[in-house]
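Chemist: Before I ask anything, here is the structure I am working with.
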Amino acid sequence: MTAADSTPNVNPSTDEESAGILIEAQEALVQGRLVESIDCFSRVLEKNPSHQMALFSRGTAFLRNGQFDQAHADFNQVLSTHPRKEKILCARGNVYMVQENFEKALEDFNKALDYNPQYATAYLNRAIVFDRLGESELAEEDREVGMRIQKQMSHAYLETQGIVFQQTPN
């Protein structure tokens, strides 16, 4: 057995056909062709039921298509093997939020922030829940933190692309 054989592979590589289907599925999702996207992701999952990207993306398509039970199932399957994925927790929190299960939504957004306190999306989504619960001060605090983190991340990314920001003197 080689070292490569003993390395666990959470998301095994797919064959060329599956890779092509994934591209089609992502394109359909981005363009809002949700039924087509769900069908394509399902075809990938028939070949590889634990494909994390296909599960997450199909869950996103289900959410956008109003199929909340199916979205929950896909997000829960990803979380069963990767419980500390803040992106998946936020996605599932969004399902709860749309279903007006604000307590469960807050649980998922809070867990996401426990795992990654710099995850802007969790702050911004939690702000929406706080707004709906009438907690405007908490909502505003989360919005400010989320926006500040997003701005920092944007600046950091642009700097990696060679764009440097000058500090203005006080």
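The values are calculated or read from the model by the stated rules, or taken from the named source; none is laboratory data. Here the structure is a predicted model, which is why all the values come from computation and not from measurement. Note: ideal-geometry Cβ built from the backbone for every residue, glycine included; neighbour counts use all protein chains shown. The protein model used for the area step is the full one, side chains on, heavy atoms only, and it has no ligands, DNA or RNA in it. Shrake-Rupley method; radii C 1.70, N 1.55, O 1.52, S 1.80 Å.
Chemist: Take Asp142 and decide whether it is modelled with pLDDT of 95 or more, open to solvent by 60 Å² or more (accessible area, probe 1.4 Å), assigned to a helix (DSSP H, G or I) and closer than 15 Å to Gly93 by Cβ.
Modeler: For Asp142, the condition - modelled with pLDDT of 95 or more, open to solvent by 60 Å² or more (accessible area, probe 1.4 Å), assigned to a helix (DSSP H, G or I) and closer than 15 Å to Gly93 by Cβ - is not met.
Chemist: Also, quick follow-up: For region 85-105, state whether one or more residues are at pLDDT below 95 and more than 13 Å from the chain's Cα centre (by Cα).
Modeler: No, region 85-105 contains no residue that is at pLDDT below 95 and more than 13 Å from the chain's Cα centre (by Cα).
Chemist: Now, a different point. Could you run through region 96-106 and say how many residues are surrounded by fewer than 23 Cβ atoms within 10 Å (Cβ to Cβ) and assigned to a helix (DSSP H, G or I)?
Modeler: Of the residues in region 96-106, 7 are surrounded by fewer than 23 Cβ atoms within 10 Å (Cβ to Cβ) and assigned to a helix (DSSP H, G or I).
Chemist: Moving on to the next point. Would you check which residues across region 55-90 are more than 15 Å from Leu34 (Cβ to Cβ) and among the aliphatic types (A, V, I, L, M) and list them?
Modeler: Leu55, Ala73, Val78, Leu79, Ile88, Leu89
Chemist: State all residues of region 79-104 that are touching a His at 6+ places or on another chain (Cβ under 7 Å) and not β-branched (Val, Ile, Thr); if no residue qualifies, say none.
Modeler: Across region 79-104, the qualifying residue is only Arg92.
Chemist: Which of (1) modelled with pLDDT of 95 or more; (2) open to solvent by 100 Å² or more (accessible area, probe 1.4 Å); (3) not in a helix (DSSP H, G or I) is the odd one out, the single condition Pro117 does not satisfy?
Modeler: Just one mismatch for Pro117, condition (2).
Chemist: On to the next question. State yes or no: is Gly93 closer than 30 Å to Val164 by Cβ, in contact with a helix residue (DSSP H, G or I) (Cβ under 9 Å, 6 or more places away or on another chain) and surrounded by 16 or more Cβ atoms within 10 Å (Cβ to Cβ)?
Modeler: Judged against the criteria, Gly93 is not a match.
Chemist: Only one residue in Arg126, Arg132, Arg84, Arg58 is among the charged types (D, E, K, R), in contact (Cβ under 8 Å) with a residue 12 or more places away in the chain, out of contact with any Ser or Thr (no Cβ under 8 Å at 6 or more places or on another chain) and open to solvent by less than 80 Å² (accessible area, probe 1.4 Å). Which one?
Modeler: The unique qualifying residue is Arg126.
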